[in-house]
Every structure is written in C-alpha cells, then in structure tokens.
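Asks: Got a structure for you, written out below as structure tokens; questions coming shortly.
The values are calculated or read from the model by the stated rules, or taken from the named source; none is laboratory data. Here the structure is a predicted model, which means the values were calculated and not measured. Every residue, glycine as well, gets a Cβ built from its backbone with ideal geometry; the counts of neighbours run over all protein chains shown.
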Amino acid sequence: MVINRDRHIDICHAVIALLVVLLILLSSLQSMDLNLECAALSLGAGPVQLFMKVVIPLAAPGLISAALLAFLTFRWKSSRPSLRSAPS
C-alpha cells in the first residue's frame with residue numbers, strides 16, 4: 001500500500017497537533033482544584049453532572065486554547081506551498 005507524500009505530511013501534522021492538545025489539556029486539568037469535585041459529589045451531584053457542571057467549565061479555557069492552537073498550527077502548516085509542492 002503506497003501512501004502519497006501529502007498523506008504523510010497530514011499524518012505528521014495531526015500527531016503534532018494531538019500532542020499539543022494533550023499537553024494543554026493535561027496542564028489545564030491538573031491545575032483544577034479537586035476540592036470542588038469533592039464538594040459537588042458531597043452535595044449530591046452524579047458523575048455526569050459533575051463532569052458537565054464542574055469539570056468542563058473549569059477546563060474550558062484549556063479546551064478553547066488547545067482547540068485554537070491545534071487548528072491554527074495545522075492550518076499554518078498545511079497552507080505552506082513548500083510542503084505541498086512536488087519534489088524536483
């Protein structure tokens with residue numbers, strides 16, 4: 001099975017974007033206060049409510065910045081003509 005050059009470049013860009021997203025999300029989630037989750041659970045919130053009403057709002061800045069950075073990185077790299085041109 002032969003994969004053309006553009007496909008290789010796209011796969012590399014996707015892997016780089018995924019790593020950037022994971023680093024940003026991990027740092028965002030690690031900086032959350034676990035006491036807020038414990039408080040929500042002690043007040044009767046279920047796992048879904050905990051995730052939707054506590055975790056996502058606290059992680060929203062990290063989610064948004066990771067999505068923007070991954071999109072802009074992929075968009076910038078995929079629009080470079082030097083990477084898309086045929087080898088001479």
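Asks: Can you pull out the residues in the range 7-26 that are farther than 17 Å from F71 by Cβ and surrounded by 12 or more Cβ atoms within 10 Å (Cβ to Cβ)?
Replies: Selection gives L26 alone.
Asks: Does any residue in the range 1-20 that is in a helix (DSSP H, G or I) come within less than 6 Å, Cβ to Cβ, of a residue that is among the hydroxyl-bearing types (S, T, Y) and modelled with pLDDT under 75 six or more places away or on a different chain, and which pairs are these?
Replies: These pairs meet every condition: A17/T73.
Asks: Checking F51 against (1) loosely packed, with under 12 Cβ neighbours inside 10 Å; (2) at pLDDT 90 or above; (3) part of a helix (DSSP H, G or I), which test does it fail?
Replies: Only one criterion in (1) loosely packed, with under 12 Cβ neighbours inside 10 Å; (2) at pLDDT 90 or above; (3) part of a helix (DSSP H, G or I) is unmet by F51, namely (1).
Asks: S42: under 19 Å from A70 (Cβ atoms) and either without any contact (Cβ under 8 Å) to a residue 40 or more places away in the chain or of a type in the set (S, T, Y) (or both), yes or no?
Replies: Against the criterion (under 19 Å from A70 (Cβ atoms) and either without any contact (Cβ under 8 Å) to a residue 40 or more places away in the chain or of a type in the set (S, T, Y) (or both)), S42 does not qualify.
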